[in-house]
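Below you'll find the structure, written out as structure tokens, and then a few comments.
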Amino acid sequence: MMETSNHSENLEALLYCSSILYLVDSPLHQTIIYTVNGKFFKKNTYEKELYDYSLVLLNKALNELKEKYNKTLLQVHIDLKNVTMKNIDYAFIKKFLHTFQSLEYDTLDKLIVTNIPIFFKLCYKVLKPFVDKDVKKKIFFA
């Protein structure tokens with residue numbers, strides 16, 4: 001009985017993570033887009049699993065990008081549609097930023113943030129000091 005409970009919890013965690021983070025293949029732009037759908041993010045929910053999943057997905061994206069398009073730089077799309085202040089978890093975002101910025105090689109082509117809520121300017125001011133200056137040049141708000 002306990003094994004079934006762990007299996008269903010693992011499945012629930014995977015479904016949660018894959019609803020937030022997923023890849024979009026864009027043959028038109030010849031790229032793989034690492035997509036973050038913020039509206040499903042819930043504070044303090046499967047954070048370890050989401051963090052681990054983000055790293056696995058990053059490696060998958062970079063491998064597919066190299067195989068399909070012979071590229072090494074990834075586009076990231078963060079969709080903030082329906083994100084509220086309750087969804088924002090600064091500690092998790094800082095950990096996420098630190099990990100991706102500390103990779104031994106540059107993987108980011110550009111980061112596009114869409115459907116930006118009004119309060120996001122304040123959130124970005126809090127996070128901006130943690131964003132590397134070279135990464136800041138690659139962030140676009142649409």
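Residues in the stretch 1-33 that are under 25 Å from Leu74 (Cα atoms), of a type outside the set (D, E, K, R) and either part of a strand (DSSP E or B) or more than 19 Å from the chain's Cα centre (by Cα) (or both): Leu21, Tyr22, Leu23, Val24, Ser26, Pro27, Leu28, His29, Gln30, Thr31, Ile32, Ile33. Within the stretch 49-65, residues that are within 14 Å of Ser18 (Cα to Cα) sit with their Cβ atoms under 9 Å from residues that are part of a helix (DSSP H, G or I) and of a type in the set (D, E, K, R), at 6+ positions apart or across chains, in these pairs: Tyr51/Lys95. Of the residues making up the stretch 72-82, not a single one is without any contact (Cβ under 8 Å) to a residue 24 or more places away in the chain, of a type outside the set (Val, Ile, Thr) and surrounded by fewer than 12 Cβ atoms within 10 Å (Cβ to Cβ). Considering the stretch 34-48, and only residues there that are in contact (Cβ under 8 Å) with a residue 12 or more places away in the chain, assigned to a helix (DSSP H, G or I) and over 9 Å from the mean Cα position of the chain (by Cα), the residue that is surrounded by the fewest Cβ atoms within 10 Å (Cβ to Cβ) turns out to be Lys39. Somewhere in the stretch 49-68, is a residue at pLDDT below 90 and in a helix (DSSP H, G or I)? No, that holds for no residue.
The values are calculated or read from the model by the stated rules, or taken from the named source; none is laboratory data. Here the structure is a predicted model, which is why all the values come from computation and not from measurement. Please note: Cβ atoms are built from the backbone with ideal geometry, for glycine as well, and neighbour counts cover all protein chains shown.
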